[in-house]
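The values are calculated or read from the model by the stated rules, or taken from the named source; none is laboratory data. All values derive from a computational prediction rather than experimental measurement. Positions of Cβ are generated from backbone atoms using ideal geometry, with glycine treated the same way; all protein chains shown enter the neighbour counts. Surface accessibility is based on the protein's heavy atoms, side chains included, excluding ligands, DNA and RNA. Shrake-Rupley method; radii C 1.70, N 1.55, O 1.52, S 1.80 Å.
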Amino acid sequence: MQTLPLGTEPVVGPRPQFREERTLVGLDRTEIADRLKGIGVPEKQCRMRAQQIWSWIYHFGAKGFDEMTNIAKPMQATLAEHFEIGRPEIIEALVSVDGTRKWLMRFPDGNEVETVLIPEEDRGTLCVSSQVGCTLTCRFCHTGTQRLVRNLTPMEIVMQILVARDDLGEWPTPKEGRMLSNIVMMGMGEPLYNFDNVKKALKIVMDEGGISLSRRRITLSTSGVVPEMKRCGEEIGVNLAISLHATDNETRSRIMPINNKYPLEELLQACADYPGASNSRRITFEYIMLKDVNDTDDDARRLVKLLKQYKIPAKVNLIPFNPWPGSDFERSTDKRIKRFSDIVFEAGISAPVRKTRGEDILAACGQLKSESEKKRKSELLRELKAGQAEAG
């Protein structure tokens, strides 16, 4: 895999702005064909034209119709008159010293989301957001301190992937050696509270005629929206990750209020019943390590017992807590995390410790957007104070 430049800000090229009601991004082929029919393209041509446009947007990464060389110039002009492709405005595009990349992007209504690429030796994983803000208020998550503004549309979810591939230079869609090889729906928001839009966006991403990412390379993370989990397996078919973070209902309800609605017993049974789960497609359980809250030997043993009791093909990702001002929690010690990991490993369940990535650019787990907004507000306040001092 190509090595990413470290500690530098990537060059962000011009990004044509768009009006959401005119863009073709996020539409399926049938919807594109219907739009074409609506502007007078002969019905017999609509399906063929839709396929051409689809390929140019998702295989070649075209940002304008004038790039579509197998479409005659008069038709290019007609398309440009009625439709747009474009990209969101990029507020920040940063690269961490460890190679992690983060994009803060703004959509036409002014709302912003963050997307993070985590590079590794053999792959690159893009962490994609599904909502503006979050409604779950998990107490350990700084992103969760933001109020929920709205769901993202399929267009806005797909555009996060297009932006990343623009900056990585991965057009046309490469068959091998992709820097963006995996997607995790683990950014801002709860994907299963935006099920239909997430489903439509991921179907576009998986389509072999465009971005062409296998469902085995896509993981959807949920805090445990039990009624939608089965649908996710049946209708999308991607890998499942569960934000677990505790092994008893009392603790989990205290740090994750959603547990009051869908307690551990219901959640774990839904995991056991998840369509497609097997030893070759294990469910990932994310477990944030909180000092003196959920990190004891008994917690580790109870976790093993639960996974075996429900016969869940599982792996566990242990996540060191990323402290933030005002948080009630501390990160477990490295020694305690290792001991927890060893207990789970010794029981025959994989339990690696996730390396914290992108802390210097506020891209670590649980930091998305909230820290960036705080930083920008702080900088703005300093500028205002400096201006007032000069004026005085």
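Taking amide H positions as placed in the peptide plane 1.01 Å from N, state which residues far from Glu92 in sequence (5 or more) or on other chains have amide H under 5 Å from it.
Counting only residues 5 or more places away or on other chains, the set is Leu104.
When we measure straight from the Cα of Lys338, which aspartates and glutamates land under 18 angstrom away, once same-chain ones fewer than 8 places off are left out?
Lys338 reaches Glu286, Asp292, Asp295, Asp297, Asp298, Asp299, Glu330, Glu346.
For His59, tell me the accessible area in Å² from a 1.4 Å probe, rounded to the nearest 10.
60
When only DSSP loop residues count, what trypsin sites (Lys or Arg not before Pro) in the stretch 271-328 have their Cβ near at most 11 other Cβ atoms within 10 Å? Write out the running numbers ahead of the final one.
Details: sites: Arg281, Arg282, Lys291, Arg301, Arg302, Lys305, Lys308, Lys311, Lys315; in loops: Arg282, Lys291, Lys311.
Answer by residue number: Lys311.
Give me, ordered by chain and number, the residues 5 or more places off Phe321 or on other chains with an amide H under 5 Å from its own placed amide H.
Met289, Ser332
Determine the calculated [θ] at 222 nm for the chain from helices alone, applying -39500 (n - 2.57) to every DSSP H run no shorter than 4 residues and normalising by the residue count; nearest 500 deg cm²/dmol.
On the way: 11 runs with 133 residues, N = 392.
It comes out at -10500 deg cm²/dmol, rounded to the nearest 500.
What residue among Cys127, Cys232, Cys46 has the largest mean-square fluctuation in a Gaussian network model of the chain, using Cα springs under 10 Å?
Maximum among the listed residues: Cys46.
Hey, which of these cross-link pairs are over 18 Å Cα-Cα: Lys199/Lys311; Lys291/Lys335; Lys199/Lys230?
Numbers: Lys199/Lys311 27 Å; Lys291/Lys335 11 Å; Lys199/Lys230 13 Å.
Over 18 Å Cα-Cα: Lys199/Lys311.
With all protein chains present, how much of the accessible area of the chain (probe radius 1.4 Å) comes from carbon and sulfur, to the nearest whole percent?
Numbers: 8610 of 17690 Å².
Here it works out to 49 percent.
Over what distance in Å are the Cα centres of the stretch 266-342 and the stretch 201-252 separated?
Cα centres, the stretch 266-342 to the stretch 201-252: 17 Å.
For the stretch 171-325, what is the convex hull (Cα atoms) projected area averaged across all directions, in square nanometres? Could the numbers behind the result be given before it?
Details: hull surface 42.4 nm².
Result: 10.6 nm².
Before I look further, what does the chain give for accessible area per residue, probe 1.4 Å, in whole square angstrom? Walk me through the numbers on the way to the answer.
On the way: 17690 Å² over 392 residues.
Normalised by residue count, the accessible surface of the chain is 45 Å².
To the nearest whole percent, what portion of all C-alpha pairs in the chain is separated by more than 40 angstrom? Don't skip to the answer; put the middle values down first.
Details: 14640 of 76636 pairs.
That tail contains 19 percent of the Cα-Cα pairs.
Once the whole set of protein chains is in place, how much accessible area is left on Arg254, using a 1.4 Å probe, in Å² to the nearest 10?
Using a 1.4 Å probe on the heavy atoms, I get roughly 120 Å².
Where in the chain is the longest stretch that carries no GluC sites (Glu not before Pro) classed as loop by DSSP and with at most 13 other Cβ atoms within 10 Å? Before the final figure, lay out the partial values.
Working: sites that count: Glu120, Glu121, Glu176, Glu208, Glu330.
With GluC sites (Glu not before Pro) excluded where exposed in loops, the chain gives 209-329 as its longest stretch.
I'd like the orientation of helix 29-38 relative to the chain: the angle between its Cα long axis and the longest Cα principal axis, in ° from 0 to 90, rounded to 10.
It is inclined by approximately 30 degrees.
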